[in-house]
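Accompanying notes for the structure given below.
The values are calculated or read from the model by the stated rules, or taken from the named source; none is laboratory data. Keep in mind the model is a prediction, meaning the values are calculated, not measured. Neighbour counts are summed over all protein chains in view; Cβ atoms, including those assigned to glycine, are modelled from backbone coordinates with ideal geometry. Remember, those area values only see protein heavy atoms, side chains included, never the ligands or the DNA or RNA. Shrake-Rupley method; radii C 1.70, N 1.55, O 1.52, S 1.80 Å.
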Amino acid sequence: MRNAKVLGFESSCDETGVALVEVRGDEPPRLLSEALHSQVEMHAAYGGVVPELASRDHIRRVVPLARQVLQRAGCALHEIDLVAYTRGPGLAGALLVGAGAAVALAAALGKPALGIHHLEGHLLSPFLAPRPPTFPFVALLVSGGHTQLMEVQGLGRYRLLGETIDDAAGEAFDKSAKLMGLGYPGGPALARLAEDGNPAAFALPRPLLHSGDLDFSFAGLKTAVLTAHRKLGPAPGPAVLADLAASAQAAIVDVLVAKSLKALKLSGLRRLVVAGGVGANLRLRQALDAGALELGACVVYPPLSLCTDNGAMIALAAAMRWQQGLVLPQTDGAFDVRPRWPLDELQSG
Ligand code: KG4
Ligand code: ZN
């Protein structure tokens, strides 16, 4: 067990996140301070993320945010033991900003730099919850680009149980929202509108619900939402749009819940950890909690603020790896932005 203060950088997409996490002995990791800048307003004008603008904004934000984090924690530069960054997956230019800042800082301080897989960051983020999980557990990873069920036996011991064969759950939210004219970012907007609607108003498909495996498919659902939306004519009223949003959300949630519960049954595990942006969805949380209760299982979520992209999850994953001696620090200044997942060298199941 090693003690460490870890400064983490996240810059894979449209959020610049920096955070300082401390690990001491057997104690749970502690988030000392964090800062986040969301580019949502900047990209909203374009209806989606513009990669070149994203990279340039990360460049503007990354150093001031790092200063803020250290200042808030009262931490001097020389007290940092390890610098972590998101190595992928993500937008190449955006990733390079965080990787560049982290590797340069580590080199200047003579400390190691560690590239963290973005999904491992999400997966471990519930360890910053007030009541963190213990291994082993089933993890439902639901972000904008991924939908996966993993069996997690321990740190770095991840076995893929099932994943989407086309669109991710977050993409289903985002694409449905876009075609309904709800703009970007679509997921939260669709979820908000759905609160005023009837989830049974439209009979939308539940793809692969009875496939017998743990894979997902959301591309057909998006097409079904598109077809239903077209049938509403050129200017549908707010009530019927809310019904469609609620129906789309219910279809996504039903499949995510059914497969997660099946993963618990098949693995014999009784703990489910939910991570990634879609994990912020309140209806998903309610349905998972209810389903898990029937199975005698528990569900752990990261704090709402840590569901979407942030620096804390990257600092946390690096800190946990450091604590367990599970790191291969790169002190030669080389960037590592390979999006391998699960990590080949540790996929022992
Ligand atoms: O994990 P994340 O911040 O970024 C990726 O790594 O992709 O996830 C972003 C995704 C987007 O698809 C967004 O629409 C979705 O999470 N999302 C939500 C909610 N908040 C964020 N989807 C449904 N309901 C929400 N409340
Ligand atoms: Zn993410």
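For this structure, a couple of remarks:
- Matching option when the condition is among the aliphatic types (A, V, I, L, M), over 18 Å from the mean Cα position of the chain (by Cα) and under 16 Å from ASP309 (Cα atoms), among VAL103, VAL50, VAL83, VAL97: VAL97
- If you check GLY144, GLY170 for being closer than 18 Å to TYR301 by Cα, in a loop (DSSP other than H, G, I, E, B), touching a residue at least 24 places away in the same chain (Cβ under 8 Å) and open to solvent by less than 50 Å² (accessible area, probe 1.4 Å), only one passes: GLY144.
- Pairs, first at positive phi in segment 199-220, second at pLDDT below 95, C-beta under 7 Å, six or more apart: none
- The residue that is farthest from ligand 1 (Cβ to nearest atom), among those in segment 101-122 that are open to solvent by 20 Å² or more (accessible area, probe 1.4 Å) and among the small types (Gly, Ala, Ser), is GLY110.
- Against the numbered list (1) in a loop (DSSP other than H, G, I, E, B); (2) at negative phi, GLY90 comes up short only at (2).
- Only a single item in (1) open to solvent by 50 Å² or more (accessible area, probe 1.4 Å); (2) out of contact with any helix residue (DSSP H, G or I) (no Cβ under 7 Å at 6 or more places or on another chain) is not met by THR164, and it is number (1).
- Scope segment 265-311; condition more than 13 Å from ligand 1 (Cβ to nearest atom), in a helix (DSSP H, G or I) and of a type in the set (Gly, Ala, Ser); matching residues: SER267, ALA290, GLY291, ALA292
- Exactly one residue out of THR86, THR164 is over 30 Å from LEU226 (Cβ atoms) and of a type in the set (S, T, N, Q): that is THR86.
- Members of segment 128-141 that are within 16 Å of ligand 1 (Cβ to nearest atom) and either in a helix (DSSP H, G or I) or farther than 22 Å from LEU284 by Cα (or both): LEU128
- The test for being within 16 Å of ligand 2 (Cβ to nearest atom), touching a residue at least 60 places away in the same chain (Cβ under 8 Å) and among the aliphatic types (A, V, I, L, M) holds for LEU91.
- Qualifying residue in segment 14-25 (condition: open to solvent by 50 Å² or more (accessible area, probe 1.4 Å) and assigned to a loop (DSSP other than H, G, I, E, B)): yes
- Scan of segment 178-198 for residues that are in contact (Cβ under 8 Å) with a residue 24 or more places away in the chain and assigned to a helix (DSSP H, G or I), ordered by number: LYS178, LEU179, GLY187, PRO188, LEU190, ALA191, LEU193, ALA194
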